[in-house]
Amino acid sequence: MEYLDFLNRSEVVAEHGRARTELNQLKIKKESSDDIEKQRVVELKTELELIVKTCEERLKAQNEDRKLLEADQRNADKELVALRNEQAMVKSMKETALKQNLSDVVRTIPRLKTGDSIEHFVSSLEQIYSIEVKPQLAALPILEGEFIKEAKRLLTYPMFTQLEKSGRDTKTWVNLQKYLTETHGTRISNYQHLNRLWNCEVQESEKLSEFASRLEEKCYSASTHIQSNFKQSHSNADMTADDVFKLIGAMLASIQVRSKHEDAYKSLIKNCDKHWSASSILSDAADYVDKMSSPDETDDPSQKVFLAKTTKPKKHNQLQKPYEKKPKKQSRSTSLEDYKKRCSKEICEAFLQNKCRYGTKCFRIHPDKSVHYTTTEQEDCELGSLFHQGPEQTN
């Protein structure tokens, strides 16, 4: 029966069915009268019964093994499910902790107010994005969405309403940063940004490290503004090193135009952001200088234009009016002294009503309220005249 060890379950089942069928056929077969034949049939029955028995034992053992395997599989599945649930719980707790930490960090940035610099606001958010969000985007993509929500909460209500009505895609930080810079960024020109950097100096009692931080912040603000303007003017193309050097040359040219031709510079500054090279801005400036030059600058006197002044005829009373000497005006100090003397004889009505704002510097009299005054009818009339009548007119 060793050959049964090499059979799988289906083959054992087939062998068991074959042996049982042959055994049943031998049982119903008519017995032979030959002793040798009878002996052969008995041996064959015994062999078939042994095969059937062995197959049943093998199948029973395989069933038990199969039940054990199924039980082990069920246990393994349960453990796997529990492990997966535990991993999902750990991941959920990690996500919750990261979201809470990101929310706490973003809320450290002051809420925007009317008049605040949008460049400073964007640079603060960019720093948080680079540290807290960008390194973990591959493992946790939803973190960027949470960052966008927290950033929008810091906007003023009019800015948020304008953002929602614009229809712009702001689901990523790059798009939101671009929208804020283009819509709410400062309106100063590229050259004004560069001039501020050019004239930036170390303040008194300022450390060099603090000056470096302040300078880098201004550089980032200028870079964000200038690159955004460059993309708008050049079909969304990025600036190259050559473009940067051309812009610096244009900035130096604008400084010379401002120092030599200030009027032309004032006319040029409105549209100066369209110039990205020194030759472009100087060509436009030369056009303004030529158009704004005055006739007095020409050397030929025949080319100058003089305006004739028309005089009105004098009236009859103006011709015969005698000369009158105007009285001298009193100096300011003299009139002030006269006013002090006049006030020194009057009682301060505002003091009596506890409304005098001058205190001890008041020119009028402040009577002591603790003293009891008894006045006659004539004195009351005099006081009333002081309070209700103006200064006496001199004829």
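Since every read-out is calculated from the coordinates, none of them should be taken as a lab result. Remember, predicted model here, so these are calculated numbers, not experimental data. Don't worry about glycine lacking a Cβ; one is built from the backbone with ideal geometry, like all the others, and counts go over all protein chains shown.
Tabulated values for the structure
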{"item": "Charge tally in the Cβ shell below 11 Å around K134, where Lys, Arg are +1 and Asp, Glu are -1, K134 excluded", "result": "-3"}
{"item": "Placed amide H near I347: partners under 5 Å, 5+ positions off or other chain", "result": "I365"}
{"item": "Summed residue charge, Cβ within 14 Å of Q162's Cβ, Lys/Arg positive, Asp/Glu negative", "result": "+1"}
{"item": "Burial ranking of peptide ranges 159-172, 211-224 (average Cβ count within 10 Å, highest at the top)", "result": "211-224, 159-172"}
{"item": "Segments 77-89, 145-157 sorted - mean Cβ within 10 Å per residue, highest first", "result": "145-157, 77-89"}
{"item": "Charge tally in the Cβ shell below 11 Å around C348, where Lys, Arg are +1 and Asp, Glu are -1, C348 excluded", "result": "+1"}
{"item": "Greater than 18 Å apart at Cα, pairs in K178/K266; K94/K134; K340/K361; K113/K152; K149/K178; K149/K218", "result": "K178/K266; K149/K218"}
